Structure formats: C-alpha cells, structure tokens
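The next block holds one structure in the form of structure tokens; read it before the comments.
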Amino acid sequence: MAPRVIRRRKKNGRIFIISFVVTLALLLGATAFVILNRPTGIPTYHLPAQVPSYQAAWAKYVPEDFVQLSIINYTMIRQLNASAVPTTNLLDLIKPNISVTPDMVKAEENIQFQAPNATVSLVFLTSSAFSQFAAPVADAYGLSLTGKPLTFISDVSISGLDYTGWMALVPGDHVVAFANGDNLGIGALNESLEAANGTLANVLQRTDVRQSLYVVNASGPLLSLGIQNYAGLVQSGNMTMISVTDVAGTIHVTYVVKFVSSEVAKAQTSYMKSAYLSATTFAQYDQYLEATQYQPFSDMSGAVRFVG
C-alpha cells in the first residue's frame, strides 16, 4: 500500500518561505531607510537670507566668468612671520632692467581665463614701490603716467623663464599686471581691466562667491585665498573655495565646496571626508560643505600655497 502524501507540509513550507522573504524585505527596507535618513554627523547651519557685501582690491580685477584664481596676502604674512615671505623676485623686466621684489609687494594675484585661454598675474605694490618701478618703465617706453592704466608689450623673466606679453601699469591701485602671449595676453588683460573699471561684472557680484566667502569668514584677515570655478577634488561639486587663515597661532586651511542643492551636499558628506583626509572638522551650510585642516604656525609658507 503506497504511503499517503501529506500536502499540509508543502503548504507550510510555502508559508515559511513567503514569511522569510517578507521579513527579509522589511529588514532591508528598514536598513535602507536608516542609511538614507541617518544624520550626516556634522554640524549643519543655514546661510542668512542676505550675506554681507565684501570690498576687496583683488576682487575688482576678476571677471565673474573666471576659471581659477589665487591671492596671497604678503602684508598679512609679513606681519605674522616675515620668514614665510618668498625671497625670489616676482617679476624681472628686461627693458628697463628693473624688478618687482617681495618687499615691494602687498599682495599677489593670478587669474586664469578660459576664453581667451590665458593667465593674468597682478602684483599690488606699496605706493612708493609703484613709483619706484613705474616711473623708469614709463620713461623707457615713452609713456606718460596718468590716472589711467597703461598697457604695452614687454619682455619679462618670471621664475627664471623668459616671456613676451602684455604689461599694464595701474596707478590708481598701484598694480603691475602681466599676461603672457600676444593676442591671448591682451585679451585676458583687457578683460581684467574692464572688470576693474566696472565695464564687466566682477566676481563679487556672484551670489555663490559671496556665500562661500561668508562660510570661510572672509571678513577676517586672510593669508591666502583660492577659487576653482569648476568641479575640483570633489567631482560632484561645481565650485571650490580655499582659504588660509591664522587663528591664535594655528594655520587653518578651509575648503568650501558648492553643490547644486543642500540635499546633494548632505549626500556627499562621506565623499567630502574621503577627499580631504587631512581635514578634521566638517560642517554644512545649506548647499555648501566645509572641511578644515590645521597646520602648525611654522608651516605657514607651505600652507599659503594650498590655494593653487
């Protein structure tokens, strides 16, 4: 006699499998919910409806569509640690034979353009240093120093390399500017000068730049500042600002990355931490993430070069 088949066991087996799958799905769903909604683990702040306005001599020469810029504040570095100031000449003019030496400089700025593809280098001199440099240069080129910028082709040596390009003397701001190249050089130099005289909008008219300056507390004394107007180390961002400051004898290097929204910024916190491994403190300001690393005061000269 054939054994009877007990179908109830198969039914119970199906029920067990279904129950297991449902339970597993619920656990996975709950885990996903916790991961997606867990706190970022960093302080979160909100930007004010209107960030403060900023006035800075360096900013007026930067058109709002720049690619990258860097500023080094020689005056502040010199006050804190004179030995951190570079000792090599910033620029050697071949005709006449005259140089811009570090002791003449208040600040150095480099602005990279996309169109034209050129870089404008500016040095902000003390009043006496500008007169010392500009008077013999204007005389050699048969130019008259008035209040307006003077532009002319010149041969220069920078860091031991010789270039031919366009130079500008700007008496009003005691600025000497240089752009390498013929057509590309004059095109970039003119854009910088047009931003300075208000013909073109400058970088401080951009809301995202002012917001980033607010996050890095740019109202305080900056040793150096850099802005990358593109996705930098954090590829999911679309702008990065780097500031170097001295706070009670410790050098703070702060990176602020802008994202398309606060939600995207929050989701990129882990990526931000992995990108800036030397940073030890992080914060979120709406669509911006901030990372700060700390350097010893003795490393000031190296830290100020982090801006690019």
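The values are calculated or read from the model by the stated rules, or taken from the named source; none is laboratory data. These numbers were taken from a predicted model, which means no experiment stands behind them. Cβ placement follows ideal geometry from the backbone for every residue including glycine, while neighbour counts extend to all protein chains displayed.
List of remarks:
- Residue within segment 144-160 that is surrounded by fewer than 19 Cβ atoms within 10 Å (Cβ to Cβ), within 17 Å of residue 112 (Cβ to Cβ) and in contact with a strand residue (DSSP E or B) (Cβ under 8 Å, 6 or more places away or on another chain) present: yes
- Of all the listed residues (134, 140), the sole one being surrounded by 13 or more Cβ atoms within 10 Å (Cβ to Cβ), among the hydrophobic types (A, V, I, L, M, F, W, C) and farther than 30 Å from residue 54 by Cα is 140.
- Long-range neighbours under 7 Å by Cβ, at least six apart or interchain, first residue among the hydroxyl-bearing types (Ser, Thr, Tyr) within segment 247-267, second modelled with pLDDT under 95 and assigned to a helix (DSSP H, G or I): 250/297
- When segment 30-51 is filtered for residues that are modelled with pLDDT under 80 and surrounded by 10 or more Cβ atoms within 10 Å (Cβ to Cβ), the ones remaining, listed by number, are 30, 31, 32, 33, 40.
- Taking segment 62-96 as the range and being within 24 Å of residue 192 (Cα to Cα), in contact with a Leu (Cβ under 6 Å, 6 or more places away or on another chain) and either of a type in the set (D, E, K, R) or not in a loop (DSSP other than H, G, I, E, B) (or both) as the test, the residues that pass are 63, 71, 73.
- Residue that is modelled with the highest pLDDT [pool: residues in segment 156-193 that are of a type in the set (Asp, Glu) and more than 17 Å from residue 135 (Cα to Cα)]: 191
- With respect to the conditions (1) in contact (Cβ under 8 Å) with a residue 60 or more places away in the chain; (2) at positive phi, residue 282 falls short on a single one, namely (2).
- Of the residues 237, 226, the single one that is touching a strand residue (DSSP E or B) at 6+ places or on another chain (Cβ under 6 Å) and under 23 Å from residue 192 (Cβ atoms) is 226.
- Looking at 232, 237, just one residue is part of a loop (DSSP other than H, G, I, E, B) and buried (at least 22 other Cβ atoms within 10 Å of the Cβ), and that residue is 237.
- For segment 171-191, filtering for residues that are among the acidic types (Asp, Glu) and under 12 Å from residue 127 (Cα atoms) leaves 1.
- Residues (small (Gly, Ala, Ser), buried (at least 24 other Cβ atoms within 10 Å of the Cβ) and part of a strand (DSSP E or B)) located in segment 180-229: 224
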